[in-house]
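Structure first, then comments.
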Amino acid sequence: MLDKYLIKFSRLRTDRGRNRYPFETNHYAPHKPFLLLSIMDLISQGLITSNFIEPSFELVDTWNAYWSAVMPIGQRSTMAHPFPRLKSDGFWHRVANPGYDSDKDYNVTSMAKCRKIYTGAKLDDKLFQYMCDPDSLEKLRAVLIQTYFHLQTQPIVMQQGLVNTVSYEYAQTLVGKVAEQIGLFEELSEEKKKPVRDAGFRKAIVNLYDHRCAMCGIRMLTPEGHTVVEAAHVVPWRESHDDHPTNGMCLCRLCHWSFDEGLMSVGRDYELLVSSRVRMDNNIPAHILPLADRKIFTPEETRLWPSQDNLRKHYRTIYSE
């Protein structure tokens with residue numbers, strides 16, 4: 001029975017063309033392989049535990065990570081393309097929202113429309129069982145990687161899968177949901193630990209702040225899984241080697257830059273400090289000045305707030321009054 005799905009995975013109904021898709025994907029459209037790999041990653045992480053696949057932010061974010069790792073810079077796409085179209089391969093069963101027909105092929109080109117039409121999808125029960133078994137899952141993953149990606153690209157895809165899974169484990173450790181770091185992370189070389197740490201720190205911080213900038217409060221999340229915020233270290237990693245949430249904040253790009261440049265900091269009562277330098281040299285600080293003295297946004301648990309020791313170090317060494 002597993003052989004049946006291995007064959008199906010090696011014969012996905014996917015577009016192919018030298019002028020449309022790069023050599024990295026053996027000139028195949030990689031949308032469906034990326035979706036299946038992403039689903040298997042979330043199963044490995046324990047984020048998908050039943051045979052119902054929602055077009056969740058976590059799934060979109062994982063799909064986007066594969067796309068960014070493999071595809072040429074500037075070439076963009078969306079998980080909205082493969083999510084409904086995987087039905088043509090015989091093991092994917094769409095579940096439509098009320099008012100829509102799961103058997104009808106709608107022209108879905110965005111995640112907003114995808115979520116409007118479909119609440120999710122189911123795999124063949126037997127295929128889902130195979131995906132939940134580590135040994136058969138690795139065989140299914142291998143046939144996708146070997147079929148749809150160039151020999152030079154296969155290590156990149158395998159590395160991204162490792163980063164996706166182990167960074168989730170690392171993030172769970174940072175927020176205290178597991179007692180200590182175990183498993184694959186400790187077995188990685190220092191070179192391979194870096195992308196895992198970066199991704200795990202981002203997952204932990206962005207989720208703790210619910211994609212909201214701690215300083216200005218902006219929260220913008222697109223249906224395609226893009227967020228306006230980033231995970232920022234209070235004391236830089238190169239100095240602290242500290243990824244704990246007490247050394248992090250979720251910041252939008254402008255606030256992140258302002259914080260790193262010493263134009264903004266956080267005081268003893270978690271009030272926002274704005275440097276007088278923002279008024280100099282014909283600057284137009286826009287919304288930054290009115291933020292002064294407002295309380296920053298913080299995670300629900302006080303144990304995960306930025307520590308005062310880290311904030312004071314930033315104030316003393318980077319901030320300019």
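Out of all the residues in region 277-284, is one or more of a type in the set (A, V, I, L, M), touching a helix residue (DSSP H, G or I) at 6+ places or on another chain (Cβ under 8 Å), farther than 30 Å from residue 108 by Cα and surrounded by 14 or more Cβ atoms within 10 Å (Cβ to Cβ)? Checked region 277-284: at least one residue is of a type in the set (A, V, I, L, M), touching a helix residue (DSSP H, G or I) at 6+ places or on another chain (Cβ under 8 Å), farther than 30 Å from residue 108 by Cα and surrounded by 14 or more Cβ atoms within 10 Å (Cβ to Cβ). Of the residues making up region 144-170, those that are surrounded by 19 or more Cβ atoms within 10 Å (Cβ to Cβ) and not hydroxyl-bearing (Ser, Thr, Tyr) number 9. For region 100-139, residues that are within 26 Å of the chain's Cα centre (by Cα), within 28 Å of residue 224 (Cβ to Cβ) and among the charged types (D, E, K, R) total 4. Looking at region 30-118, what helices (runs of 4 or more DSSP H) fall wholly within it and have at least 3 residues that are of a type in the set (D, E, K, R) and assigned by TED's automatic domain parsing to the domain that holds residue 147? Per the criteria, 111-117. Residues that are at pLDDT below 95 and out of contact with any Phe, Trp or Tyr (no Cβ under 8 Å at 6 or more places or on another chain) number at least 1 in the following strands (runs of 3 or more DSSP E) confined to region 235-321: 272-274. Do we find that residue 251 is touching a Cys at 6+ places or on another chain (Cβ under 7 Å), without any contact (Cβ under 8 Å) to a residue 40 or more places away in the chain and of a type in the set (A, V, I, L, M) in this structure? Answer is yes for this residue.
Check region 255-277 and report whether any residue there is among the β-branched types (Val, Ile, Thr), out of contact with any Pro (no Cβ under 9 Å at 6 or more places or on another chain) and more than 23 Å from residue 303 (Cβ to Cβ). Taking every residue of region 255-277 in turn, none turns out to be among the β-branched types (Val, Ile, Thr), out of contact with any Pro (no Cβ under 9 Å at 6 or more places or on another chain) and more than 23 Å from residue 303 (Cβ to Cβ).
For region 1-44, residues that are crowded, with 18+ Cβ neighbours inside 10 Å, closer than 20 Å to residue 152 by Cβ and aromatic (Phe, Trp, Tyr) total 3. Residues of region 273-321 that are under 19 Å from residue 205 (Cα atoms) and of a type in the set (A, V, I, L, M, F, W, C): 296, 297, 304, 305, 311.
The values are calculated or read from the model by the stated rules, or taken from the named source; none is laboratory data. Remember, it's a predicted structure, so these values are computed and weren't measured experimentally. Heads up, the Cβs are rebuilt from the backbone with ideal geometry, glycines too, and the neighbour counts pull from every protein chain shown.
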